[in-house]
1. Ranking ARG178, ARG64, ARG150 by Cβ neighbours within 10 Å, fewest first, what do you get?
2. Quick one: order MET50, MET139 by neighbouring beta-carbon count within 10 Å, fewest to most.
3. Which whole-angstrom value gives the distance between the alpha carbon centres of the stretch 150-187 and the stretch 47-108?
4. More than 24 Å apart: what percent of Cα pairs in the stretch 61-155 qualify?
5. Order 186-198, 99-111 from most to least packed using the mean count of other Cβ atoms within 10 Å.
Amino acid sequence: MTIYRLLIEFHPKRGRPQAIRNSRSVAAASFLAVLALWLPQARATTLARMSVRELTQQSTYVARVRCVSVVSVADFGLVWTLTTFEVAQPWKGNPPPRFTVRLPGGEAAGVRVSVEGAPRFTVGEDLVLFLTADRGRLMNIVSWAQGTFRIRKNPRTRLEEAVQDTAGLEILDAHSGRAAQGGRRELPLAVLRASVLAAARETLR
């Protein structure tokens, strides 16, 4: 079982203290209630420890992408962040050339919500994402932070690396049943791609 830690902050506008106090409890209660209903349906987002092979096998698509827009919206007391990506190179399957990922949390309507394990993105950022289809052009990221690899250049070798950062998160080991702190995984981008392609071929057999 994964525990999702939430941090909810409110940034009231001046002159509306009573309204803000009332909306604070309503917004928090609404968010927690709906999130509790939503999370059990998002099986791919549980933070059980997963290898690259397992991430690939659970993904409909794996792709190198670039973040092109990020926007947070308030929806009936909830805050969601909608991030749109363009596909630079598909590694598994044929994802749509542009798609959107919706994750809980963000800042909108005076409310800031942080959900542990839900990655946040920056416009212009290059990544490799492990994805499952939701509906239309909406996608889910497999295991959230685990299914997110950020691309950077190694300052020493100048080669591209893929960085998966789960530091500070509790990751459940499926074999031992024990939870442990996650860490930072760095590997050459070419190695990650080769691992994904090999795992994708296995699923076709």
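Every number in this text was worked out from the coordinates using simple rules, so none of it is lab data. These numbers come from a predicted model, not from an experiment. Using ideal geometry, Cβ is built from the backbone for each residue, glycine included, and neighbour counts are taken over all protein chains shown.
1. Working: ARG178 9, ARG64 21, ARG150 17.
Final ranking by Cβ density, sparse to dense: ARG178, ARG150, ARG64.
2. Ranked by crowding around the Cβ, least crowded first: MET50, MET139.
3. Measuring centre to centre over Cα atoms gives 18 Å.
4. On the way: 820 of 4465 pairs.
Of all Cα-Cα distances in the stretch 61-155, 18 percent exceed 24 Å.
5. Working: 186-198: 15.9, 99-111: 19.1.
Top of the packing list down: 99-111, 186-198.
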